[in-house]
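Right, one structure below, let's go through it.
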Amino acid sequence: MKKIFTILMAVLMVSTVQNVAAQSILLGLHRDTTKVTRKPGALIQVNRVDREIDKNVFAYQGEWMCGVTASYGTLSTDNSEIALVVDNLGLGGSIVSVKPYLGYFYRNNLAVGVRFGYTHTAGHFDNAHIDLGNFINGIEFSTDGIGLDYLSNAYSFALFHRAYVPLDRRGRFGVFGELELEGQYGRSNFGFMYNNEWNNSISDTYKVRFNFNPGVAAYIFPNVCATVSFGLGGLQYNHIKQFDAQMNPTGGTRNYSKLAFRLNIAEINIGVTVHLWSKKNEQKLRLQ
């Protein structure tokens, strides 16, 4: 009996020592993975700090957005410096653009969509009395009897891809970059006075454009966002056909293409976007 008790105690001690040794080894391995050691002449490994900027969400996957952008501009010489040397100048113009659109977020902050557009442009030049006496003596003339009128209506359809970058953790403010492939058709009427008779020239214009439109966005309500976008240009191809006042082809055609990146004042658009989301995504937004 004494021998049996001695054997059991020995087995218990061996098993206890093995368990302690195993735990010591595991603890040592765990410490080795978190410990930073440095040998002479070796580089110190510095872990990158993850600020989790890519986790900020401006719009969630599965959301739909719909909205409209608009722009308006006028051209007038009432308060222009040219009025110092030009009297009775009848020059003016305006351009109005309205573009509704619909988009879908296939991933967080990334959306694809379609956009429709309508642009109306009008301008006129009636007369002018030019006097350069203060600069060059004896030069004075008038353009009475000369009249120019321009009227254009254009319709467009575009596909776009938009990527948002939130500027805060709550996703209330952000910037975006947009790539747009647009097709446009427009008809313009150019009227002019010739031999005391009013004449008209009509042109049909077909355009294909690949544009880059950056912008800024901010939520003014939980699901309503205000946007301002800027057209910076891109690649453009134009085909123009000319007709007379009776819509008879005059044989005049023109094809041209260009690549230009610059700020276009007529492409500064102010808009409102409505984001449509599910209750699940709304709950996520509340938890941020």
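The values are calculated or read from the model by the stated rules, or taken from the named source; none is laboratory data. Since we're looking at a predicted model, the values are computed, not measured. Positions of Cβ are backbone-derived with ideal geometry, glycine not excepted, and every protein chain shown enters the neighbour counts.
Residues satisfying the criterion are present in the stretch 84-93 (criterion: at pLDDT below 80 and part of a helix (DSSP H, G or I)). One residue is enough: does the stretch 233-249 have a residue meeting the conditions surrounded by 10 or more Cβ atoms within 10 Å (Cβ to Cβ) and without any contact (Cβ under 8 Å) to a residue 12 or more places away in the chain? The answer is yes; a qualifying residue exists.
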